[in-house]
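The values are calculated or read from the model by the stated rules, or taken from the named source; none is laboratory data. All figures in this text were calculated on a predicted structure; none of them were measured in a lab. All Cβ positions, glycine included, derive from the backbone under ideal geometry; neighbour counts span all protein chains shown. Just the protein is used for accessible areas: all its heavy atoms, side chains included, with ligands, DNA and RNA removed. Shrake-Rupley method; radii C 1.70, N 1.55, O 1.52, S 1.80 Å.
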Amino acid sequence: MRVSDMRVGLDIGATKILGAVIDADGTVVAQSRQDTLPGPDGILNTATTVLDLLAGALDGALPLDIGIGIPGIVDRRRGTVSHAVNLGLGGDWFPLADRLADRTGATVIVENDLNAATWGAHVLSGADDLAYLSLGTGLAAGFVLSGTLRRGFHGAAGEIGHVPVDPGGPLCSCGQHGCLELRASGSALSAAWPAQGEVPPAGALFAAAAAGEPAAVAARDRFAAGVADAIRMLGLAVDPAAIIIGGGVAHVGEPLLAAVAAALRSQAAASPFLAALGLADRLSLLPGELPVGAIGAALIRNAG
Ligand SMILES: [Zn+2]
């Protein structure tokens, strides 16, 4: 495979930038990562370091076709981003594509990170009709419907984390009260089961629940019920053929899938209508530690 047939994907997050070189069929040829420095120059410098590491892994030859997934509001046509608060980007449009193109000579496209990960889930799973549910710091979904990425009129398709489910609930960062994200997200899980030592909160909670610790069982089941609520919304609003769970919490693996499937079946027990939808049977997790966001960013040019 020639380098000219490959693409680079950069998954820019608040804590790290993960880069991957992908060949035409989605195979990862090289990977690198660096802790993210905030602000426009920090992001550019970190991305450049990641690209240099990738070039080193390929004997100095880097593909001149770069796709970026980044949080915030993205103007794809201009390759600009704003309101990526955790990255130190405010309301001014930051011309990320042009600035990185100036440094590298590459063609650069910029996409919202959830859209990139959703496209990556499509490539990796082979599913043409799917919802990708990201259980990261927040809760959000992306869609590929009949082979087409659904971004939404305002780019807000799948922002189900901010559907209020408890009008008397706590204030959310979005200004509403009782959003679903406050019950079903990595942040919600950390709040319910604070990290102790090196083990991530999700892993620690599920291990304690598996060991039969009553408080952990209750916290796990409450979390799983919230995720099941999110999946029920996706099933009833969009009815996708596959529902794929990803994001940091998905590293828990099979125990997460089992808990969410059990919650879905419990919700369906009293409703023949819901049971007939078979939502639990549509669930899957992305395999292992694959860099879904970077793979999707590299290949999302195909999404149109
Ligand atoms: Zn909210």
For the range 202-212: of the residues being of a type outside the set (A, V, I, L, M) and surrounded by fewer than 19 Cβ atoms within 10 Å (Cβ to Cβ), which is farthest from Val163 (Cα to Cα)? Gly212
Somewhere in the range 110-125, is a residue touching a Ser or Thr at 6+ places or on another chain (Cβ under 7 Å) and either part of a loop (DSSP other than H, G, I, E, B) or within 16 Å of the ligand (Cβ to nearest atom) (or both)? yes
Within the range 113-124, does at least one residue satisfy the condition of being more than 11 Å from the chain's Cα centre (by Cα) and closer than 15 Å to Gly247 by Cβ? yes
In the range 213-270, the residues that are assigned to a loop (DSSP other than H, G, I, E, B) and open to solvent by 20 Å² or more (accessible area, probe 1.4 Å): Glu213, Val238, Asp239, Ala241, Gly247, Ala269, Ala270
Residues located in the range 159-173, provided they are part of a loop (DSSP other than H, G, I, E, B), near the ligand (Cβ under 9 Å from one of its atoms) and either of a type in the set (Gly, Ala, Ser) or surrounded by fewer than 12 Cβ atoms within 10 Å (Cβ to Cβ) (or both): Ser173
Does Ile22 satisfy the criteria of being in contact with an Asp or Glu (Cβ under 8 Å, 6 or more places away or on another chain) and under 25 Å from Asn302 (Cα atoms)? no
Scan the range 1-27 residue by residue and report those that are over 21 Å from Phe94 (Cβ atoms), in contact with a helix residue (DSSP H, G or I) (Cβ under 7 Å, 6 or more places away or on another chain) and surrounded by 15 or more Cβ atoms within 10 Å (Cβ to Cβ). Arg7, Ala20, Val21, Ile22, Asp23, Gly26
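Based on this model, can you work out whether Thr46 counts as polar (S, T, N, Q), open to solvent by less than 40 Å² (accessible area, probe 1.4 Å) and over 19 Å from Gly105 (Cα atoms)?
Details: polar (S, T, N, Q): yes; open to solvent by less than 40 Å² (accessible area, probe 1.4 Å): yes; over 19 Å from Gly105 (Cα atoms): no.
Judged against the criteria, Thr46 is not a match.
Report the residue count in the range 28-43 for those that are closer than 19 Å to Gly79 by Cα and open to solvent by 70 Å² or more (accessible area, probe 1.4 Å).
If we filter the range 28-43 for residues that are closer than 19 Å to Gly79 by Cα, which is where we start, we get 38-43.
The next check asks that each one be open to solvent by 70 Å² or more (accessible area, probe 1.4 Å); those that pass are 38, 41.
The number of residues fulfilling the criteria is 2.
Among Ala184, Ala131, Ala156, which is more than 22 Å from Ala219 (Cβ to Cβ) and in contact (Cβ under 8 Å) with a residue 24 or more places away in the chain? Step through it out loud before you land on a result.
Values: Ala184 fails: more than 22 Å from Ala219 (Cβ to Cβ); Ala156 fails: in contact (Cβ under 8 Å) with a residue 24 or more places away in the chain.
Selected residue: Ala131, the only one of Ala184, Ala131, Ala156 that is more than 22 Å from Ala219 (Cβ to Cβ) and in contact (Cβ under 8 Å) with a residue 24 or more places away in the chain.
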Any idea how many residues of the range 174-203 are assigned to a helix (DSSP H, G or I), among the hydrophobic types (A, V, I, L, M, F, W, C) and within 16 Å of the ligand (Cβ to nearest atom)? 4
Being more than 16 Å from the ligand (Cβ to nearest atom), touching a helix residue (DSSP H, G or I) at 6+ places or on another chain (Cβ under 7 Å) and at pLDDT 95 or above is the requirement here; does Ala218 meet it? no
Among (1) more than 18 Å from the chain's Cα centre (by Cα); (2) at pLDDT 95 or above; (3) over 30 Å from Ile109 (Cα atoms), there is one condition Val238 misses while meeting the rest; what is its number? (3)
Flagged in the range 133-157 as open to solvent by 20 Å² or more (accessible area, probe 1.4 Å), in contact with a helix residue (DSSP H, G or I) (Cβ under 8 Å, 6 or more places away or on another chain) and not in a loop (DSSP other than H, G, I, E, B), in numbering order, are Ser134, Thr148
Quick check: anything in the range 64-86 surrounded by 15 or more Cβ atoms within 10 Å (Cβ to Cβ) and more than 23 Å from the chain's Cα centre (by Cα)? yes
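Quick one: which strands (runs of 3 or more DSSP E) sit completely within the range 33-88 and have at least 1 residues that are under 24 Å from Gly138 (Cα atoms) and modelled with pLDDT of 95 or more?
Where strands (runs of 3 or more DSSP E) fall fully within the range 33-88 and carry at least 1 residues being under 24 Å from Gly138 (Cα atoms) and modelled with pLDDT of 95 or more, they are 65-70, 80-82.
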For the structure I just gave you, tell me whether Ala57 is crowded, with 16+ Cβ neighbours inside 10 Å, within 19 Å of Ala294 (Cβ to Cβ) and aliphatic (A, V, I, L, M). no
